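Reading through the structure tokens given below for one structure.
The values are calculated or read from the model by the stated rules, or taken from the named source; none is laboratory data. If you're wondering where the values come from, they're calculated on a predicted model, not measured in any experiment. So basically every Cβ, Gly included, is an ideal-geometry build from the backbone, and we count neighbours across all protein chains shown. The accessibility values were calculated without ligands, DNA or RNA, using every heavy atom of the protein model including side chains. Shrake-Rupley method; radii C 1.70, N 1.55, O 1.52, S 1.80 Å.
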Amino acid sequence: MDNNSDIFFEGLNPQQIEAVKYTDGPLLIMAGAGSGKTKVLTHKIAYLNREFNVPLSNILAVTFTNKAAAEMKERVQNLVNPAAKSHDNWILTFHSFGFKMLKMYADKLGYDKNFVVYDSSDQLALVKQIMADFEIDVEQFKPKSILYQISKAKNSFDLPEQFLQRANTDVLQVAAKVYAEYQMRLRQNNAMDFDDLLLNMVLLLKQEKEILEKYQNKFEFILIDEYQDINMPQYHISYMLSAKHRRMFVVGDTDQNIYSWRGANLQNILNFEKDFPDAKVILLEQNYRSTSNILDIANSVIINNKLRKKKNLWTNQEKGDEACFFIAQNDYDEAENAAKKVKALIEKGSTLSEIAFLYRTNAMSRVIETILLQHNIKYRIYGGLRFYDRKEIKDVMAYLKLILNYKDDVAFQRVVNVPSRKIGKLTLLKVQEKALEKGVSCFEAVDLLEEVRGHAALLSFKELIVSFQQDYAQEELSAAEIIDRVINRTGYKEMLMAESNLEARARIENLDELKKSAVEQNYSLDDFVSMSTLLTSQDETGDVEDVLTLMTMHTAKGLEYDHVFLFGLEEGVLPHVQSMDAPDEIEEERRLCYVAVTRARKKLFLSASSNRGSYGSTTPKELSRFFYEMPAELLKVEFSDRLSGFNHIVEKLSAKPEYNLTAPDRKGTFFTRDYEDESSKKVVLDYKVGDIVRSGAFGDGVVVQVFSSGKDMSLQIRFGKEMKLVMPKYGKLEKA
């Protein structure tokens, strides 16, 4: 080895160096969060190339995202030969690898080499066509649900005949029938879907021994990133290709397996040492990202999981601040507190781009977005849409707009066939033409097209909208009541429930959040629609880099920020209510908590809500079990000044001396019985939007939003240029 070899070990710790140097056989690198695994992978590839003259074309390095693959290629390029334009390398994603191989050998499986890859819309269209041909009721068996089951089967390496054998429900039996036909038609169309790129790769290697041997010889070294996330086809590909040289180096972390719902099988990494009894195991436990306090919190949580490879993250970095745990009165209070803390961070020199808000479900972003907009804090949704930009929200809002204004042709076109009423595109085109000819709206044109095919469905839709209009006018319904009727009487919720997949459940949660918003704000229908339009028409951040990031905890994997806020540390939220009865799912929720905590570099902010809105009411919540797994001495627990000292959560924690509770707005003291007695005096609780109020602390203000009702009522009040969230129960307000 020449003196230049030092370049491969610069900045590496002893365990990383050991992982880079080891070449004698299978290697399992258990890499904790923030432990520099990408650096190890890229330095290992460069080390093999420069020190052992292994051509890059003989090293297969596989990861999960195009972004990660591109980053690895660039790093290797800089280590091997920065001046070279490119190298013949095999650093790519699993799906790209499958595509590259199948483009060469698809004919061995009965495809032409110029096969096409179907995207999600192509797949759904094919499933719908098959179901129509088989006369399967798409109202009873939703095409998206059937497609989900097919994809799930492929990720588990279940071929159609195997899937049929275990189809023990009506839905699975229909899916099995469609699956077999779907695969046959894909072949007829010389097409593969995304999952086929992996499934067919396995079939190719199993069927064509010469091809398998060729690539077993070619790939002297196989490196796999995020090994805890591989599914069964990916497992088979890697296992078969490594069988000759047995130099398979995998990097993963049992504590970051959070994608079982996408087919990731944790047993693959747990069984690595059974698959390769002579495997060497190296633990990367030194974290370069977070303070020691943050790591101690993460370790204390994840140690409670049984399905894991033991390790303990540590760091040479400073101890850092305690994590701040805030107990809010409700989710608006929770978001308001976070917004104030963000402003305090900015005043101390931080930038918005260094801050991230993480939450368990997409629906939780709605309240957070509302508060951030009121505080003029710029943000972006990472890997998702703003709440009012989501399809299901836009659909229901279109119904509401049409109820208020039947001349809204855009709203008409959006929902006239959602859910499906079997109104074809040609029929809708004739509606548009007739409306243009007569100078009327599409809604009015329906009565002028009796001869058109599908007229009965159009008329039924019109009658449905008219019935909503009459209900609204005659019964003086609130926006929340109208939304509830629209979601149920149009069949929209039934449509989503029938799909029975994760995406559909998330969309139902979003619709529940929309209803909750309408209840809290207590608006009339027209005011609610106007308010929502204003929220969605806020200036976009565009290319502005300094914005706060909002995302789900799942989306946050692989990312890091100086300051991280985790919302909803409550039972039923994290862990999620749908995981409560299954120990293995609770463990995955705990891994999700671990991943979320370890996104933070400098400061961690945790929060929970004593009462979280749901279905238009507030539900008392208990703190997450993960909270009690965190060391009390590393948490600075604050509770909102809107909570009584005898609140069910505060009362429970006050009995535990290890928790140093403070109410920050009351000089660190508990609320006294005197305060509770004072607050129980008769106060005005009939506020509405537009009321002028007077506060001894803030002066005169105007009510802009009303949340909840009765003793739990909270008011969003504009005092001059400032917005304040005030509970009349405690706020000593007077009507001006």
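Annotations
- Yes/no for Asn305 being outside any helix (DSSP H, G or I), touching a residue at least 40 places away in the same chain (Cβ under 8 Å) and out of contact with any Gly (no Cβ under 6 Å at 6 or more places or on another chain): yes
- Those residues of the range 277-291 which are open to solvent by 10 Å² or more (accessible area, probe 1.4 Å) and β-branched (Val, Ile, Thr), in sequence order: Val281
- Within the range 244-268, if we keep just the residues that are of a type in the set (A, V, I, L, M, F, W, C) and crowded, with 20+ Cβ neighbours inside 10 Å, the residue that is nearest to the chain's Cα centre (by Cα) turns out to be Ile258.
- Considered as a group, the residues in the range 483-507 that are farther than 23 Å from Arg366 by Cβ and at pLDDT below 90 include one that is least open to solvent (accessible area, probe 1.4 Å), and that residue is Ala498.
- Lys274 meets each of the listed conditions (1) within 25 Å of Glu226 (Cβ to Cβ); (2) outside any loop (DSSP other than H, G, I, E, B); (3) open to solvent by 10 Å² or more (accessible area, probe 1.4 Å); (4) in contact (Cβ under 8 Å) with a residue 24 or more places away in the chain apart from (4).
- Subset of the range 90-105 [open to solvent by less than 60 Å² (accessible area, probe 1.4 Å) and aromatic (Phe, Trp, Tyr)]: Trp90, Phe94, Phe97, Tyr105
- Residues in the range 558-593 that are surrounded by 18 or more Cβ atoms within 10 Å (Cβ to Cβ), part of a loop (DSSP other than H, G, I, E, B) and under 15 Å from the mean Cα position of the chain (by Cα): 5 in all.
- Conditions (1) crowded, with 17+ Cβ neighbours inside 10 Å; (2) in a loop (DSSP other than H, G, I, E, B); (3) modelled with pLDDT under 85; (4) not aliphatic (A, V, I, L, M): number failed by Thr541: (1)
- Members of the range 11-59 that are under 18 Å from Ile91 (Cβ atoms) and of a type in the set (Lys, Arg): Lys37, Lys39, Lys44, Arg50
Each row is one residue, and each column tells you yes or no for (1) over 37 Å from the mean Cα position of the chain (by Cα); (2) under 21 Å from Tyr288 (Cβ atoms); (3) modelled with pLDDT of 90 or more.
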site: Asp2; (1), (2), (3): yes, no, no
site: Phe9; (1), (2), (3): no, yes, no
site: Gln15; (1), (2), (3): no, yes, yes
site: Glu18; (1), (2), (3): no, yes, yes
site: Thr23; (1), (2), (3): yes, no, yes
site: Pro26; (1), (2), (3): no, no, yes
site: Ala31; (1), (2), (3): no, yes, yes
site: Ser35; (1), (2), (3): no, yes, yes
site: Ser57; (1), (2), (3): no, no, yes
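- Criterion (at pLDDT below 90 and either of a type in the set (Lys, Arg) or closer than 25 Å to Leu496 by Cβ (or both)) met by exactly one of Ala480, Ala473, Ala457: Ala480
- The range 405-427, residues that are in a loop (DSSP other than H, G, I, E, B) and touching a Lys or Arg at 6+ places or on another chain (Cβ under 8 Å): Asp408, Gly424
- Test: residue in the range 238-250 that is modelled with pLDDT under 95, of a type outside the set (Ser, Thr, Tyr), touching a strand residue (DSSP E or B) at 6+ places or on another chain (Cβ under 9 Å) and assigned to a helix (DSSP H, G or I): no
- Within the range 106-118, if we keep just the residues that are touching a residue at least 24 places away in the same chain (Cβ under 8 Å) and exposed (fewer than 12 other Cβ atoms within 10 Å of the Cβ), the residue that is nearest to Gln149 (Cα to Cα) turns out to be Gly110.
- When residues in the range 31-53 are screened for being part of a helix (DSSP H, G or I) and either surrounded by fewer than 19 Cβ atoms within 10 Å (Cβ to Cβ) or not hydrophobic (A, V, I, L, M, F, W, C) (or both), 10 of them pass.
- Listed by position, the strands (runs of 3 or more DSSP E) contained in the range 691-736 that have at least 2 residues being modelled with pLDDT of 70 or more and among the aliphatic types (A, V, I, L, M) are 692-695, 699-707, 714-719.
- Every condition in (1) out of contact with any Phe, Trp or Tyr (no Cβ under 6 Å at 6 or more places or on another chain); (2) at pLDDT 95 or above; (3) not charged (D, E, K, R) holds for Phe565 except the one numbered (1).
- Checking the stated criteria, Leu79 turns out not to satisfy the condition of being closer than 25 Å to Thr555 by Cβ and open to solvent by less than 30 Å² (accessible area, probe 1.4 Å).
- Annotation note: Cβ proximity below 7 Å between a residue of the range 398-417 that is closer than 14 Å to Ala445 by Cα and charged (D, E, K, R) and a residue that is open to solvent by less than 60 Å² (accessible area, probe 1.4 Å) and assigned to a loop (DSSP other than H, G, I, E, B) (sequence gap 6+ or interchain) occurs for Lys407/Ser441; Asp409/Ser441.
- Residue count, the range 119-156 (criterion: of a type in the set (A, V, I, L, M) and open to solvent by 50 Å² or more (accessible area, probe 1.4 Å)): 2
- Of all residues in the range 203-219, those that are part of a loop (DSSP other than H, G, I, E, B) and either in contact with a strand residue (DSSP E or B) (Cβ under 7 Å, 6 or more places away or on another chain) or open to solvent by less than 10 Å² (accessible area, probe 1.4 Å) (or both) total 1.
For every residue, the table says whether it meets (1) within 22 Å of the chain's Cα centre (by Cα); (2) at pLDDT 90 or above; (3) surrounded by fewer than 17 Cβ atoms within 10 Å (Cβ to Cβ).
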{"site": "Gln329", "(1), (2), (3)": "no, no, no"}
{"site": "Ala339", "(1), (2), (3)": "yes, yes, no"}
{"site": "Thr370", "(1), (2), (3)": "yes, no, no"}
{"site": "Tyr379", "(1), (2), (3)": "yes, yes, no"}
{"site": "Lys391", "(1), (2), (3)": "yes, no, yes"}
{"site": "Leu400", "(1), (2), (3)": "no, yes, no"}
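- Taken as a whole, the condition of being of a type in the set (Phe, Trp, Tyr) and within 21 Å of Ala106 (Cβ to Cβ) does not apply to Phe163.
- Of the residues making up the range 630-659, those that are modelled with pLDDT under 85, under 18 Å from Tyr332 (Cβ atoms) and open to solvent by 10 Å² or more (accessible area, probe 1.4 Å) are Asp641, Arg642, Ser644, Asn647.
- Restricting attention to the range 187-202 and to residues that are open to solvent by less than 10 Å² (accessible area, probe 1.4 Å), of a type in the set (A, V, I, L, M, F, W, C) and in contact with a strand residue (DSSP E or B) (Cβ under 8 Å, 6 or more places away or on another chain), the residue that is farthest from Phe94 (Cα to Cα) turns out to be Ala191.
- You will find that of Leu28, Leu56, the residue that is touching a Phe, Trp or Tyr at 6+ places or on another chain (Cβ under 6 Å) and either under 22 Å from Lys309 (Cα atoms) or crowded, with 16+ Cβ neighbours inside 10 Å (or both) is Leu28 and no other.
- Selection from the range 6-25 of residues that are part of a helix (DSSP H, G or I) and open to solvent by 50 Å² or more (accessible area, probe 1.4 Å): Asp6, Ile7, Pro14, Gln15, Glu18, Lys21
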